[in-house]
Amino acid sequence: MTTCFNGASNIVQAGGLACVSDEGFNAMMDLVNYYKENCKLIRTCFTDMGFEVYGGVNAPYVWVGFDGRPSWDVFAEILDKCNLVTTPGSGFGPSGEGFVRVSAFGNRSDVEEAIKRLKDVYGTKKF
């Protein structure tokens, strides 16, 4: 036994190789497309409510702008009123202030429930 480490473990290497097989690549793209559809649902929700929305097209995160409101205040409000967790944009540096980041990593039913809660609480009004 040794404590030397010279790279990725065997299981990680096997997973990487599986992704480049036809079957693995197709499974991986199915998962990517699933999360991209979640992003589309989230983007549509916030756009329909009149928010400035960025991202969510080629990445699993949607950035939602809140016209000068502190991102921690928006985070707390969404948590309190909708029981949903977002990520305050200020955690990503000064340029993230005024935004929250919403993740599309989740089950479709959870994303649909989150959208329902947002619309039930806020309708078409901005936060």
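Summary table below
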{"read-out": "Accessible surface of the chain, 1.4 Å probe, proportion on carbon and sulfur as whole %", "value": "57"}
{"read-out": "Extension gain (nm, one decimal) between V20 and D67, 0.36 nm per residue minus Cα-Cα", "value": "12.6 nm"}
{"read-out": "Full-stretch length increase - E112, N6 - with 0.36 nm per residue and alpha-carbon distance subtracted", "value": "33.8 nm"}
{"read-out": "Per residue solvent-accessible surface (Å²) - the chain, probe of 1.4 Å", "value": "65"}
{"read-out": "Lysine pairs with alpha-carbon atoms under 21 Å apart, the chain, spacing 8 or more or separate chains", "value": "12"}
{"read-out": "Segment K40-V57, extension gain: residue separation times 0.36 nm, minus the distance between their alpha carbons", "value": "5.4 nm"}
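The values are calculated or read from the model by the stated rules, or taken from the named source; none is laboratory data. Treat the numbers as computed from the prediction; the structure is a model and nothing was measured. Side chains are part of the model used for accessible areas, which takes the heavy atoms of the whole protein and leaves out ligands, DNA and RNA. Shrake-Rupley method; radii C 1.70, N 1.55, O 1.52, S 1.80 Å.
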